[in-house]
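A short write-up of the structure that comes next.
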Amino acid sequence: MSGQPEHGASGGFADYGPPRRVDGGLRARSARGAIGQSWWSRRFLEVLESFALGTRLTRGRSYARAGQVLRLDVAPGAVTASVQGSRARPYEVSIALRPFPAALWARIEAELAAQAFFSARLLAGDLPAELEALFVAAGAPLFPADVAELRQRCSCPDHAVPCKHLAATFYLLAEAFDADPFRLLHWRGRSRAELLDRLRVLRAVPGGDRPDATAAAPSTTDRGEPRAGAERVGSDVGPAGGAERAGSDAGRDIVDVPPVGAARALAGLPPVPLAEAVDRFWLPPVPLPDRPPSLSTGPDLLLRQLGAPAPAIGGPGLLERLRRAYRLLGP
């Protein structure tokens, strides 16, 4: 049932003693004060507190800092966790949030690919603060607008929503977003690999259009003959030199290279003699942003790009130790 936990045995939560101590649990990095370092993790917790969950959330802060969360998994539409309480068997927790449908993600990816600022930041493993407004404008808010959008379930007997175990999971989830911001997007339906691969494809195609079979190999016909307008790499074929070069180019591969950089911006413009365009020669062919984009990086940039290592070599715990070492050794 939406918005309510699944209860185990009857009776009040106060009937049970303190939680059992565990070794090797997921422990919050913050030992005191607020939890969450990045704008997206703080924003996530602010949204939860705006649902009048602030006092209930604090019940799980000590659980999160004591390492009572044994497991935390983020998948499209669902976060699941195991939290050790006072009973011998850990409680099973789930927090569901509806993922964006594929058509909506396609529109978001097109918007992201159309702006180099967003593509550069995402490819660098970062989420710029402006990203939230872009998602809202696309009709896909990153964060839930109402508590009813979150389906919270816990197998403990506590009737409060969220209980300590759900609250501890929320805190650890916020820190998981700190360590890897793409987990937030993964929860909404798109993994890091899928999103970045899609952005690379869209950025490589003029106009950000979806590539198809024709766009992938436009330079030859089905029989391998050059199509009209195909460019030859390494030749000077043009209006005046085509006949003279035809013999020397025989046997060369025909490759159609998509324009990049300034050539991409100028590709759709009609040719104009310089004498007729000298008054606007230095004007930008496409509108420029009102302010230059900023790209802030830290010593843990590579760690954010690569994500958490496999559990066999340390998992998120190793990632956090490396992050601390990078910050100590960095400038």
Within the range 109-117, is there a residue that is in contact with a Cys (Cβ under 6 Å, 6 or more places away or on another chain), at pLDDT 90 or above, more than 20 Å from TRP39 (Cβ to Cβ) and not aliphatic (A, V, I, L, M)?
no
Listed residues LEU122, LEU134; which is crowded, with 17+ Cβ neighbours inside 10 Å, out of contact with any Gly (no Cβ under 9 Å at 6 or more places or on another chain) and either among the aliphatic types (A, V, I, L, M) or at pLDDT 90 or above (or both)?
LEU122
Checked the range 83-107 for anything closer than 23 Å to LEU48 by Cβ and under 14 Å from the mean Cα position of the chain (by Cα); matches are PRO99, PHE100
Looking at the structure I just gave you, is GLY60 over 25 Å from the mean Cα position of the chain (by Cα) and either modelled with pLDDT under 75 or within 15 Å of ALA160 (Cα to Cα) (or both)?
yes
Show the residue pairs meeting these rules: Cβ distance below 9 Å; 6+ apart or different chains; first residue within the range 92-114 and more than 20 Å from ALA174 (Cβ to Cβ); second residue in a loop (DSSP other than H, G, I, E, B) and β-branched (Val, Ile, Thr).
ALA113/VAL205
Go through the range 154-169 and give me each residue that's farther than 11 Å from LEU72 by Cβ and in a helix (DSSP H, G or I).
LYS164, HIS165, LEU166, ALA167
Quickly run through the range 139-153 and pick out the residues that are of a type in the set (D, E, K, R) and in a loop (DSSP other than H, G, I, E, B).
ASP146
Checking the condition part of a helix (DSSP H, G or I) and either surrounded by 20 or more Cβ atoms within 10 Å (Cβ to Cβ) or at pLDDT below 90 (or both), which residue from LEU172, LEU196 passes?
LEU172
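The values are calculated or read from the model by the stated rules, or taken from the named source; none is laboratory data. In this text, all values refer to a predicted model and were calculated from it rather than measured experimentally. Cβ sites come from the backbone with ideal geometry, for glycine too, and all protein chains shown count toward neighbours.
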